[in-house]
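The values are calculated or read from the model by the stated rules, or taken from the named source; none is laboratory data. Here the structure is a predicted model, which means the values were calculated and not measured. FYI the Cβ positions are ideal-geometry reconstructions off the backbone, even for glycines, and counts take in every protein chain you see.
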Amino acid sequence: MKKHRGIKMLYLILMLIFLYAPILTLMVLSFNASKSRSKWGGFTLDWYISLVEDGAIISAFKTTLIIAFLSAFIATILGTAACIGMQTMRRKFRRLILAITNIPMLNADIVTGVSLMLLFIAARMTMGFKTVLLAHITFNIPYVILSVMPRFKQLNRNTYEAALDLGASPIYAFFRVTLPDLMPAIFSGFLMSFTMSLDDFIITHFTKGAGFDTLSTKIYSEVKKGIKPEIYALSTLMFAAVLLLLWLVNYHPWTRRKNDGANKKKFRALPGAAAVIVTVLCVSGLLSGCGSSAAADYSNPNSLFIYNAGEYIDPDLLTEFEDETGINVVYDEFETLEIMYPKVESGAAKYDLICPSDYMIEKMKDNDLLQPINIDNIPNLKNIGESYWETARSFDPENKYAVPYCWGTVGILYNKTMVDEPVDSWSILWNEKYKDQILMQDSVRDAMMVALKSLGYSANTTDEKELREATELLKKQKPLVQAYVVDQVRDKMIGNEAALGVIYSGEAIFTKRENPDLDYVVPKEGSNIWLDCWVMPKSAKHIENAEKFLNFLSRPDIAYRNFDYITYSTPNTAARELIPDEDIRNSEIAFPDLTKMSDLETYSFLGEKEDRYLNSLWREVKAH
Amino acid sequence: MNKKSRLLTGPYLIWSIGFIIIPLFIVLFEAFTGDNGLFTLKYVTDITWFVNLKSLGLSLVFSFISTALCLLLAYPLAMILAEFGKGRSSITVLVFILPMWMNSLLRTIAWQNILERNGVINGMLTALHLPALYIINKPPAIVLGMVYDFLPFMVLPIYNAVSRIDRDVINAARDLGANGVQTLFRVIWPMSLPGVISGITMVFVPSLTTFVISDILGGGKILLIGNIIEQMFTQDSDWHAGSGLSVVLMIFIVISMIIEEKYDSDQTTVTKRERRTN
């Protein structure tokens, strides 16, 4: 077996390259001065500096560690105990338990997540730390059992029996003979649980409540709007910490001397040291974590719970509002409106202000989920232009429920160096010349709108024949499409990955700033004009605080700063006057002359049945 | 270990009833009832729709391929690790599961960067005047992502099993005239089977049910059954339909469980026989 050492080394090295290539990529990105991940903008340490100041990321990181450690620890104890107990059970019964154990592992994470969510709702538990911890323990135990059980099968019972014959008590014999033999398996079970918990996204996503985030849910909410480079920096640091830990345990002279003995000892030293360090990390996290978990208490009258899309407000403004008013803001982000809706509907999470789009507001209003906002209590709303109130009337006829926040159009972003002909029509997205160069929006309404508009139909049609025609048109387009994405259109266009992309006007200013070759156009066949507004759910309790917040946001200086940060068009006319750059203030992209654009439609809520029908058509396109 | 030790299973048993069995019944309930609360088979039979059937087929194909690839890559790796790592086994193995400490969403996103049109690989290929490689948003990229994400789950259990094999058994086989290949297939492989089975379970199932990998590396152009179920819950908020398809998926999972269970019990008899001959 000593032969072929060279080949074996080579194989190990190749596998290491395979496993570490993405990690190296992430590390490089953490030093990239450009915010876009497909462009190298020079070396910087800025992200590491801003990471320390980013309270949201740091607290998500601490929560992740605490949950991972506690759940892995509890799961290891429960799982190992279960394995020991099963050894003397009848085969049939043992099989049954193992089959149950397999369920959370074998089931789709999403089903496990949803089933637990349904359970927690039925048990009337508040979603938060507790529910996430329970869920994590549940999916961690199988990893412990699956790691420890095979070891039991290979265990030599003779040594244990010999120990008994030599006068050891069963418990003593177990701890001195069996357990050391099991230790590597138990440790790998613990390690696997810890890792699984660190990594889990889906189950956490369904069982978490307001103002609670682990690193994964934080990252996912950022995938939509582009990942903050601080996340890369944090991952790099975490990785470095793990490497340091490994080095300490294995090569530090202090541990090394101890390990000179038998092999097994090293296995015992390793989990011990790992556990100590992780515990220290977790305790420090727990101490600082207490403050924030107390703050997420909805019954506190001096607080305000906000639910917004990802990266859709300047975070400095939230701090400023807190400083000005002394109100404690709990800010939470949703990935899509479709994910937000059931959470609000089921009452699983309580909020005072939510920021959905037009058609969703209509749906929430129709389903009696909203309460009217008293506009008289919010003097700064006079800064919102009349034309936006009018647009809002298409889904809120009396301007009772919705306060305009941001608006824009849907259009084509294109790269002037890669497209020869003038871009003014949706039909260019069907041009064979741009095969694999086209990015489409991965959203039912937007994709359907593009097809319907190019056929000359309304974006709100429910006519089955027209919808069928649009579906076939999208199917025809599919071979030309490079990818169906949401906010990645932005990064990919900046990185010259594609020639044409369907995008929201709000992203156009930002992308043009990063890559001057890009330009944005609203096609002549017409498009969607959308309006995002603040609404107050029926269950909101902090009404006065919410009014204060809306008043604050509508102050011209604040609204201007917010616009500068998120680059989505503001309906605040006073704020628009404050924009120093004339090109942007009068930009056709940010503030198009709506009178010149004849065929801009807002989406309206088509009804639940119709929505599901549209979704099924869209799945048909994507599975085509 | 006396009979009292059975009680140790108690806490876990209660836990699994509360957090596994009951939630599962809630899902079953959702799958077999309609909006009106009456029994229906409609949601379970939705699987026969062309779109659903196609994505289930794709999921099965992709997860078979990625499980096979994982096994092919992991088995030699586990053996080499077990052989090389005698003095320092724990650290060598840890080096191979370390990548899992980077968040998996991030690692998958990193693959996007590597495979993209202007990505790392194509940058290198162009520098070497080789033709560019376009696998992003195509099936190979998804399989690659699955293999990458789930490989450690295959390596660990196999390594655990292989490193437990008594060197004397292998030496005995060689002394009795078996060559390297014979030793591998007649001695090492059968003895490592419990680890292999556990590894296959740990890779096959997440590959079959993933939706994140196909989302990020498939460019939304390839729908797996996981994507469909995810969309049923998040976009349609149609818990009945989502639960119905989940129940269908669980049938496939149960089938694979039964197959694995069969292998598993065969293996137990082998080891029993061995023990007796010892």
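Does the range A:80-100 hold any residues that are at the interface with chain B (Cβ under 7 Å from one of its Cβ atoms) and either hydroxyl-bearing (Ser, Thr, Tyr) or under 24 Å from A:Pro180 (Cα atoms) (or both), and which are they?
Answer for the range A:80-100, where residues must be at the interface with chain B (Cβ under 7 Å from one of its Cβ atoms) and either hydroxyl-bearing (Ser, Thr, Tyr) or under 24 Å from A:Pro180 (Cα atoms) (or both): A:Ala81, A:Ala82, A:Ile84, A:Gly85, A:Met86, A:Gln87, A:Thr88, A:Met89.
Name the single residue that is farthest from A:Asp436 (Cα to Cα) among those in the range A:492-503 being modelled with pLDDT of 85 or more and out of contact with any strand residue (DSSP E or B) (no Cβ under 7 Å at 6 or more places or on another chain).
A:Ile494
Taking only the range A:163-219 into account, find how many residues are of a type in the set (A, V, I, L, M, F, W, C) and under 21 Å from B:Phe211 (Cα atoms).
Within the range A:163-219, the subset of a type in the set (A, V, I, L, M, F, W, C) is A:163-164, A:166, A:168, A:171, A:173-175, A:177, A:179, A:182-183, A:185-187, A:190-192, A:194, A:196, A:198, A:201-203, A:206, A:210, A:212, A:215, A:219.
With under 21 Å from B:Phe211 (Cα atoms) added as a condition, the list becomes A:196, A:198, A:201-203, A:206, A:215, A:219.
Here the count works out to 8.
Among (1) within 8 Å of chain A (Cβ to nearest Cβ); (2) within 17 Å of the chain's Cα centre (by Cα), which single condition is B:Met146 missing?
For B:Met146, the failing item is (1).
Kindly indicate whether any position in the range B:217-240 is touching a residue at least 24 places away in the same chain (Cβ under 8 Å), at the interface with chain A (Cβ under 8 Å from one of its Cβ atoms), more than 18 Å from the chain's Cα centre (by Cα) and in a helix (DSSP H, G or I).
Yes: the range B:217-240 contains one or more residues that are touching a residue at least 24 places away in the same chain (Cβ under 8 Å), at the interface with chain A (Cβ under 8 Å from one of its Cβ atoms), more than 18 Å from the chain's Cα centre (by Cα) and in a helix (DSSP H, G or I).
So in the range A:428-468, with the set limited to residues that are in a helix (DSSP H, G or I) and over 34 Å from the mean Cα position of the chain (by Cα), which one is surrounded by the most Cβ atoms within 10 Å (Cβ to Cβ)? Write out each step before concluding.
Quick first cut of the range A:428-468, residues in a helix (DSSP H, G or I) only: A:428-430, A:432-434, A:444-454, A:464-468.
Now drop any that are not over 34 Å from the mean Cα position of the chain (by Cα), which leaves A:432-433, A:464-466.
Working: A:Glu432: 7, A:Lys433: 11, A:Glu464: 10, A:Lys465: 9, A:Glu466: 16.
The extreme case among them is A:Glu466.
Residue by residue, here is whether (1) surrounded by fewer than 21 Cβ atoms within 10 Å (Cβ to Cβ); (2) closer than 21 Å to A:Asp424 by Cα holds:
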position: A:Tyr520; (1), (2): no, yes
position: A:Trp530; (1), (2): no, yes
position: A:Ala546; (1), (2): no, no
position: A:Tyr560; (1), (2): yes, no
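Only one of (1) closer than 30 Å to B:Leu58 by Cα; (2) facing chain A (nearest Cβ under 10 Å); (3) of a type outside the set (Lys, Arg) fails for B:Ile200. Which number is that?
(2)
From the list A:Val485, A:Val489, which residue is at the interface with another protein chain (Cβ under 9 Å from one of its Cβ atoms) and in contact with a strand residue (DSSP E or B) (Cβ under 9 Å, 6 or more places away or on another chain)?
A:Val485
With the structure loaded, tell me whether A:Glu345 is within 11 Å of chain B (Cβ to nearest Cβ), surrounded by fewer than 17 Cβ atoms within 10 Å (Cβ to Cβ) and among the acidic types (Asp, Glu) or whether it fails that test.
Against the criterion (within 11 Å of chain B (Cβ to nearest Cβ), surrounded by fewer than 17 Cβ atoms within 10 Å (Cβ to Cβ) and among the acidic types (Asp, Glu)), A:Glu345 qualifies.
Can you go through B:Leu125, B:Leu105 and tell me which one is out of contact with any strand residue (DSSP E or B) (no Cβ under 9 Å at 6 or more places or on another chain), aliphatic (A, V, I, L, M), outside any loop (DSSP other than H, G, I, E, B) and within 11 Å of chain A (Cβ to nearest Cβ)? Break it down stepwise before answering.
Numbers: B:Leu125 fails: within 11 Å of chain A (Cβ to nearest Cβ).
When all the criteria are applied, what remains is B:Leu105.
Which residues, taken from the range A:321-353, are more than 19 Å from A:Lys218 (Cβ to Cβ), in contact (Cβ under 8 Å) with a residue 12 or more places away in the chain and of a type outside the set (A, V, I, L, M)?
A:Phe321, A:Glu324, A:Thr325, A:Gly326, A:Asn328, A:Tyr341, A:Glu345, A:Ser346, A:Gly347, A:Lys350, A:Asp352
Name the single residue, out of those in the range A:115-132 being in a helix (DSSP H, G or I), more than 8 Å from every other protein chain (Cβ to nearest Cβ) and crowded, with 18+ Cβ neighbours inside 10 Å, that is nearest to the chain's Cα centre (by Cα).
First pass over the range A:115-132, keeping only residues in a helix (DSSP H, G or I): A:115-122, A:129-132.
Next cut, more than 8 Å from every other protein chain (Cβ to nearest Cβ) only: A:117, A:120-121, A:129-132.
Filter once more, keeping what is crowded, with 18+ Cβ neighbours inside 10 Å: A:117, A:120, A:129, A:131-132.
Details: A:Met117: 18, A:Phe120: 22, A:Phe129: 17, A:Thr131: 18, A:Val132: 16 Å.
So the residue we want is A:Val132.
Any chance you could count how many residues in the range A:474-489 are within 27 Å of A:Phe395 (Cβ to Cβ), assigned to a helix (DSSP H, G or I) and touching a helix residue (DSSP H, G or I) at 6+ places or on another chain (Cβ under 6 Å)?
Count: 1.
Of everything in the range A:226-245 that's part of a helix (DSSP H, G or I) and within 8 Å of chain B (Cβ to nearest Cβ), which residue is modelled with the lowest pLDDT?
As a first pass, look at the range A:226-245 and keep what is part of a helix (DSSP H, G or I): A:229-245.
Applying the additional criterion that residues be within 8 Å of chain B (Cβ to nearest Cβ) yields A:231-232, A:235, A:238-239, A:242-243.
Numbers: A:Ile231: 83, A:Tyr232: 86, A:Ser235: 83, A:Met238: 80, A:Phe239: 84, A:Val242: 74, A:Leu243: 79.
Only one residue tops the list, namely A:Val242.
Mind checking which residues of the range B:130-179 are surrounded by fewer than 22 Cβ atoms within 10 Å (Cβ to Cβ) and at positive phi?
Matches in the range B:130-179: B:Gly177 only.
Enumerate the helices (runs of 4 or more DSSP H) found wholly within the range B:1-51, keeping only those where 3 or more residues are in contact (Cβ under 8 Å) with a residue 12 or more places away in the chain and either facing chain A (nearest Cβ under 10 Å) or hydroxyl-bearing (Ser, Thr, Tyr) (or both).
Details: elements: B:10-16, B:22-32, B:42-45.
Answer list for the range B:1-51: B:22-32.
I'd like the full set of residues that are acidic (Asp, Glu) and assigned to a loop (DSSP other than H, G, I, E, B), limited to the range A:560-593.
A:Asp581, A:Glu588, A:Asp593
Out of the residues in the range A:179-196 that are within 11 Å of chain B (Cβ to nearest Cβ) and of a type in the set (Ser, Thr, Tyr), state the one that is farthest from A:Thr138 (Cα to Cα).
A:Ser188
Being farther than 25 Å from A:Arg555 by Cα and part of a loop (DSSP other than H, G, I, E, B) is the filter here; which residues of the range A:398-426 pass it?
Of the range A:398-426, the ones farther than 25 Å from A:Arg555 by Cα are A:410-426.
Across the range A:398-426, the qualifying residues are A:Lys416, A:Thr417, A:Met418, A:Val419, A:Asp420, A:Glu421, A:Pro422, A:Val423, A:Asp424, A:Ser425.
Return the residues of the range A:503-531 that are assigned to a strand (DSSP E or B), farther than 17 Å from A:Lys416 by Cβ and touching a helix residue (DSSP H, G or I) at 6+ places or on another chain (Cβ under 8 Å); say none if nothing qualifies. Let's see the steps before the verdict.
Keep residues of the range A:503-531 that are assigned to a strand (DSSP E or B), which gives A:503-504, A:518-521, A:527-531.
Retained after the next criterion (residues that are farther than 17 Å from A:Lys416 by Cβ): A:504, A:527-531.
The answer is A:Ser527, A:Asn528, A:Ile529, A:Trp530, A:Leu531.
Farther than 30 Å from A:Leu318 by Cα and either of a type outside the set (A, V, I, L, M) or away from every other protein chain (no Cβ under 11 Å) (or both): does that describe A:Tyr48? Steps first, answer last, please.
On the way: farther than 30 Å from A:Leu318 by Cα: no; either of a type outside the set (A, V, I, L, M) or away from every other protein chain (no Cβ under 11 Å) (or both): yes.
The answer is no for A:Tyr48.
Give the residue, chosen from A:Ile58, A:Ile17, A:Ile67, A:Ile7, that is more than 7 Å from every other protein chain (Cβ to nearest Cβ), more than 30 Å from B:Met124 (Cβ to Cβ) and without any contact (Cβ under 8 Å) to a residue 40 or more places away in the chain. Spell out how you get there, then give the answer.
Details: A:Ile17 fails: more than 30 Å from B:Met124 (Cβ to Cβ); A:Ile67 fails: without any contact (Cβ under 8 Å) to a residue 40 or more places away in the chain; A:Ile7 fails: more than 30 Å from B:Met124 (Cβ to Cβ).
Sole residue among the options that is more than 7 Å from every other protein chain (Cβ to nearest Cβ), more than 30 Å from B:Met124 (Cβ to Cβ) and without any contact (Cβ under 8 Å) to a residue 40 or more places away in the chain: A:Ile58.
Identify, please: which residue in the range B:242-262 is more than 8 Å from chain A (Cβ to nearest Cβ) and in contact (Cβ under 8 Å) with a residue 40 or more places away in the chain and is, among those, surrounded by the fewest Cβ atoms within 10 Å (Cβ to Cβ)?
Top of the filtered list is B:Glu260.
Which ones in the range A:170-185 are under 15 Å from A:Gly79 (Cα atoms) and free of Cβ contacts under 8 Å to residues at least 40 places away in the same chain?
Matches in the range A:170-185: A:Leu179, A:Ala185.
When you go through B:Ser207, B:Ser192 one by one, which is the residue that is among the small types (Gly, Ala, Ser), more than 22 Å from A:Gln488 (Cβ to Cβ) and either within 10 Å of another protein chain (Cβ to nearest Cβ) or more than 16 Å from the chain's Cα centre (by Cα) (or both)? Please lay out each step first, then the result.
Details: B:Ser207 fails: either within 10 Å of another protein chain (Cβ to nearest Cβ) or more than 16 Å from the chain's Cα centre (by Cα) (or both).
Residue meeting the stated conditions: B:Ser192.
For A:Phe510, only one of the following conditions fails: (1) within 25 Å of A:Ile412 (Cβ to Cβ); (2) modelled with pLDDT of 90 or more; (3) surrounded by fewer than 19 Cβ atoms within 10 Å (Cβ to Cβ). What is its number?
(2)
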